[in-house]
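Remarks on the structure that follows.
Derivation of every value follows stated rules applied to the coordinates shown; laboratory data play no part. Since the structure is predicted, the reported quantities are computational estimates derived from the model, not experimental observations.
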C-alpha cells in the first residue's frame, strides 16, 4: 500500500466576507486592500530582482498604479494614505526612468511626415 501524505489543515486567511458569505462590505474591502498591499510588496520584490529595463518599466507602472489605488482607500488612516501617495510618486519616477525615449532622428522624421 503506497504511503500518502495528508494535506495539512490550513485556516482561511481571509475574512468570511471575501469568501462570498454575507458579511460587512467594509471587511471585504479591507481584505481586498490587504491583498493588494501584499501583491504590491511581491511586485516590488520582483522589480528588485529583474534586470531587463522593459520588465522593470512594466513592474514600476503596476506598482505605481497599486499605490495610487491604495492611497484612495478610506479604510487606511490619513497618515498611511499620505505614505502611499509618496510611494506612488516615487514609483512613478521609476517609470519615467525606464520609459524609452524616442531617438532624436525618429522624432525629426515624424515631424517631417506630419
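Just a few scattered comments:
- Taking 0.36 nm per residue of sequence separation and removing the Cα-Cα distance, the residue 73/residue 29 pair yields an extension gain of 14.9 nm.
- Gap separating the Cα centres of the stretch 22-43 and the stretch 48-101, nearest whole Å: 18
- Above 15 Å, the calculated P(r) of the stretch 23-113 contains 65 percent of its Cα-Cα pairs.
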